[in-house]
Amino acid sequence: MQVADNFIKGWKLKNTPKIKDIRFTGSLANYNWSKFSDVDLHVIVDFGEVNKDTNLVDRFFSFAKYNWNKQHDIKIGPYEIEVYVEDEKEDHTTTGLYSVKDNKWLKEPQPTDADYDEKDIMVKAKYFFDLYNILQDKFNKGEYSEVIQGIEKTKEKIQKMRTSGLQKDGEFSTENLAFKVLRRTELLDKMNDLLIKSTDKQLGEAKKKQGG
């Protein structure tokens, strides 16, 4: 709760949305944890309470999450805490979900046997690595608007991939494990970093045009 409170204060919003819940989820809230796992701490809010443009709100919270996680190294035991802001309307599929705010399981996990195809996982993950390289090339060419649009669409695609996998085959689905590969190799952080750089460059060009 202290970590969540610190994260929320860092938003520095004029109108902070009502905190619907603070939840612990991910592999450590389940039976598929490993030494690479994070403590996934989700702050649940209604994006519409911040601004009607929920895509803009999503980008703001992505930046807030990226900056907070980059600046802090807080652990519970050997596991780093990874904060995230989730829209209450988001379809969050998981087999383990605990409300830190209310101190109770919302969905208690059950043991299950791992069954997955490593080759298929890497094929799916490689697709997104290739996309990132394309977007990096566009950034180098100064095509900042295309980079921003491309990253936003890619993040949506990754989220849909993971959600569909969880709904279909659970925590050990190819899609969910491919997502974990992207996160552990820091590709998601690299995309957020590229998004911030592209936004800064785009705003800088706009200011130059106004000055001219």
Open item on the list: Per DSSP helix of 4 or more residues, -39500 (n - 2.57); summed, then divided by the residues of the chain. What does that give at 222 nm, rounded to the nearest 500?
Closed with: -18000 deg cm²/dmol
Task: Long pairs among K12/K190; K75/K153; K138/K160; K126/K153; K107/K168, criterion Cα-Cα beyond 27 Å - done: K75/K153
Open item on the list: Straight-line reach only, C-alpha to C-alpha below 19 angstrom: list the lysines that K208 could link to, leaving out same-chain residues fewer than 8 apart.
Closed with: K141, K197
Task: Shape of the chain, Cα gyration tensor, a/c cut at 1.5 - done: oblate
Open item on the list: Between segment 112-153 and segment 164-204, how far is it from one alpha carbon centroid to the other, in angstrom?
Closed with: 8 Å
- [ ] Would you mind putting 106-113, 143-150 in packing order, based on average other-beta-carbon counts within 10 Å, highest first?
- [x] 143-150, 106-113
- [ ] Work out, step by step, the length gained on full extension between A206 and I19: first 0.36 nm times the residue separation, then minus their alpha carbon distance; give nm to one decimal.
- [x] 63.8 nm
Open item on the list: With θ taken as phi - 60° and the coefficients 6.51, -1.76 and 1.60, list the Karplus ³J(HN,Hα) couplings across segment 29-39 in order, rounded to whole Hz; mark glycine and proline as x.
Closed with: 9, 9, 9, 10, 6, 8, 5, 8, 5, 10, 7
Task: Distance in nm between pseudo-label sites at H92 and D169 (7 Å out along the Cβ direction from Cα) - done: 2.5 nm
Task: Fraction of antiparallel bridges per DSSP, segment 1-129 only, in percent to nearest 5 - done: 65 percent
Task: Whole-number percent relative contact order across the chain, with pairs defined as alpha carbons under 8 Å at least 6 apart - done: 19 percent
Open item on the list: Need the list of lysines near K14 for cross-linking: C-alpha distance under 20 angstrom, and skip anything on the same chain fewer than eight residues off.
Closed with: K52, K65
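Taken together, the values in this text are just the output of simple stated rules run on the coordinates, not laboratory data. Computed from a prediction, not measured in an experiment: that's the story for all the values here. Neighbour counts are summed over all protein chains in view; Cβ atoms, including those assigned to glycine, are modelled from backbone coordinates with ideal geometry.
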